[in-house]
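The values are calculated or read from the model by the stated rules, or taken from the named source; none is laboratory data. Predicted model, so just to flag it, every value in this text is computed and none were measured. Glycine also receives a Cβ, built like all others from the backbone with ideal geometry; neighbour counts cover every protein chain displayed.
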Amino acid sequence: MRADQVIIKPIETEKTLNSSTTATLKVHLDASKQDVSAAIQRYYGFKPMKVRTLKNAEKTRFTKFGKSMKRRAFKKAIITLPEGVQLDINAINA
């Protein structure tokens, strides 16, 4: 998989923004840990210590009018940063 297709966007919640040792990214469903690590090396200029991935399954919910809505499946990557590295998620070194 190409490195420019791996990282979709950062996931910004209170928990992820307060953590100084990890970063959470939304990645392509078919991306492996090695693909995510290579994309981080290419765009941010450092090698992550650890990459953990998890898939969130598609969910269906019903509205009060009887219609069903689906939330698409997606994949998250939790990256452990090396000592002394601060990651600005929105700044990519192209």
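Give the residue, chosen from T24, T16, T53, that is closer than 15 Å to I78 by Cβ and outside any strand (DSSP E or B). Of the residues listed, the single one that is closer than 15 Å to I78 by Cβ and outside any strand (DSSP E or B) is T16.
Select from region 51-84 the residues that are under 20 Å from T13 (Cβ atoms) and charged (D, E, K, R) and write down the one among them that is surrounded by the most Cβ atoms within 10 Å (Cβ to Cβ).
Quick first cut of region 51-84, residues under 20 Å from T13 (Cβ atoms) only: 51-57, 59, 71-81.
Next cut, charged (D, E, K, R) only: 52, 55, 59, 71-72, 75-76.
Values: R52: 13, K55: 10, K59: 10, R71: 11, R72: 9, K75: 17, K76: 15.
The residue in question is K75.
One residue stands out among those in region 22-54 that are touching an Asp or Glu at 6+ places or on another chain (Cβ under 9 Å) and at pLDDT below 90: the one that is farthest from Q86 (Cα to Cα), which is Y43.
Please work out which residue is surrounded by the fewest Cβ atoms within 10 Å (Cβ to Cβ), limiting yourself to region 7-21 and to residues that are without any contact (Cβ under 8 Å) to a residue 24 or more places away in the chain and within 22 Å of E83 (Cβ to Cβ). Looking at the filtered set, the residue picked out is N18. Residues that are over 14 Å from the mean Cα position of the chain (by Cα) and among the aliphatic types (A, V, I, L, M) were ranked within region 64-91; the one that is modelled with the lowest pLDDT is A91.
With respect to A3, is the statement that it is small (G, A, S), out of contact with any strand residue (DSSP E or B) (no Cβ under 6 Å at 6 or more places or on another chain) and modelled with pLDDT of 95 or more true?
Working: small (G, A, S): yes; out of contact with any strand residue (DSSP E or B) (no Cβ under 6 Å at 6 or more places or on another chain): yes; modelled with pLDDT of 95 or more: no.
Criteria not met by A3.
Could we say that D4 is surrounded by 13 or more Cβ atoms within 10 Å (Cβ to Cβ), assigned to a helix (DSSP H, G or I) and either free of Cβ contacts under 8 Å to residues at least 60 places away in the same chain or not hydrophobic (A, V, I, L, M, F, W, C) (or both) here? No, not satisfied.
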